[in-house]
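Below: the structure, in C-alpha cells.
The values are calculated or read from the model by the stated rules, or taken from the named source; none is laboratory data. Predicted, not measured: the structure shown is a model, and the values here were computed from it. In this analysis, Cβ positions are derived from the backbone assuming ideal geometry, glycine residues included, and neighbour counts consider all displayed protein chains. Side chains included, ligands, DNA and RNA excluded: accessible areas come from the protein's heavy atoms. Shrake-Rupley method; radii C 1.70, N 1.55, O 1.52, S 1.80 Å.
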Amino acid sequence: MDLVNIPELVNFFSRFGNEFAYLVIFLTLILCGFGLPVPEDISLVSGGVLAGLGYANEHVMFGVGMAGVLVGDGSVFLLGRIFGEKVLRIPFIAKFLTPERFAKVQEKFSKYGNWVVFVARFMPGLRMPIYLTAGTSDRISFFRFLFLDAFAAAISVPIWVYLGHYGAKNLDQLSSLVHQGQITVFALLGILVLALVLYFTIKKKRSGK
C-alpha cells in the first residue's frame, strides 16, 4: 500500500464536506469492485482518516465500508450471473479476464470449492476476475457468495478503517500502522485457514470410522 496516495485521496474526499463523506467512500468502493485503479485498502484507510479528522463517525464509516465492498462485489457477481460467459466480450471486462484466465479460475473452483471466494477478498489482483467467474458458474448461489464475502470483509474492513481513524493526525505513523495491519490481516487469514484445514481433516477422519 502506497502511503503517498492516502493524503491525496483524503484531500480529494474532504472537498465533499461532512454531508457527502460517506457517499463518496461508498461509491469509490463500489467502483473498486469493478476494477477502479485505486486500491480498496487505501480507500478504506482514507475513510478512516476522514473520520479521524472529524468529517465522519468511524463506526458509521465502518458500516459504509462494509456496504460499499459488498455492493461492489455483489454487483460483479451478478454481472457474471446475468450475462454468463458472454461477459467476456464486454471490452472493459476483457482487459481483466481473458479466456485463459477465466479457465484457470474455473480450475481453482473445481479444486478448492467455494472457499476460493473467501480467499479472493485478500487477493486484489484476482478478486474481480474470481468474483465474476463465480457469477458465471452454477457452483455457488448469490447468498452463499455474499456470506463468504462478508465473512472475509469482516476481517479486513474494520482493520483498515480503524487504522485510518487512529493514525489520522499522524500520517507518518500511519505508514507503519498500515504495514502492521497488512501483517495482521494475513496472520488472521492464516489462522483461519489452518483452523478450517484441521476441522475438515478431523471431520473426514471421523466420517471414515
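Given the residues 65, 52, 48, which is the only one that is surrounded by 18 or more Cβ atoms within 10 Å (Cβ to Cβ) and in contact with a Lys or Arg (Cβ under 9 Å, 6 or more places away or on another chain)?
Values: 65 fails: in contact with a Lys or Arg (Cβ under 9 Å, 6 or more places away or on another chain); 48 fails: in contact with a Lys or Arg (Cβ under 9 Å, 6 or more places away or on another chain).
It is 52.
Somewhere in region 20-30, is a residue in the same structural domain as residue 151 (by the TED database), in contact (Cβ under 8 Å) with a residue 60 or more places away in the chain and in a helix (DSSP H, G or I)? There is no residue in region 20-30 that is in the same structural domain as residue 151 (by the TED database), in contact (Cβ under 8 Å) with a residue 60 or more places away in the chain and in a helix (DSSP H, G or I).
Residues in region 1-23 that are among the polar types (S, T, N, Q) and modelled with pLDDT of 85 or more: 0 in all.
Which of the residues spanning region 24-67 are more than 14 Å from residue 12 (Cβ to Cβ), at pLDDT 90 or above and out of contact with any helix residue (DSSP H, G or I) (no Cβ under 7 Å at 6 or more places or on another chain)? Answer for region 24-67, where residues must be more than 14 Å from residue 12 (Cβ to Cβ), at pLDDT 90 or above and out of contact with any helix residue (DSSP H, G or I) (no Cβ under 7 Å at 6 or more places or on another chain): 59, 63.
Considering region 130-163, and only residues there that are of a type outside the set (A, V, I, L, M) and part of a loop (DSSP other than H, G, I, E, B), the residue that is least open to solvent (accessible area, probe 1.4 Å) turns out to be 137. Exactly one residue out of 118, 77 is over 21 Å from residue 31 (Cβ atoms) and modelled with pLDDT of 85 or more, and it is 118. Consider residue 100 carefully, then state whether it is free of Cβ contacts under 8 Å to residues at least 40 places away in the same chain and not assigned by the TED database to the domain that holds residue 119. For residue 100, the condition - free of Cβ contacts under 8 Å to residues at least 40 places away in the same chain and not assigned by the TED database to the domain that holds residue 119 - is not met. Going through (1) touching a residue at least 60 places away in the same chain (Cβ under 8 Å); (2) assigned by the TED database to the domain that holds residue 132 one by one, residue 92 falls short only on (1).
Residue check: is residue 166 modelled with pLDDT of 80 or more, in contact with a helix residue (DSSP H, G or I) (Cβ under 6 Å, 6 or more places away or on another chain), surrounded by 15 or more Cβ atoms within 10 Å (Cβ to Cβ) and hydroxyl-bearing (Ser, Thr, Tyr)? Let's see the steps before the verdict.
Details: modelled with pLDDT of 80 or more: yes; in contact with a helix residue (DSSP H, G or I) (Cβ under 6 Å, 6 or more places away or on another chain): no; surrounded by 15 or more Cβ atoms within 10 Å (Cβ to Cβ): yes; hydroxyl-bearing (Ser, Thr, Tyr): yes.
No.
Of all the residues in region 74-113, those that are open to solvent by less than 60 Å² (accessible area, probe 1.4 Å) and assigned to a helix (DSSP H, G or I) number 16.
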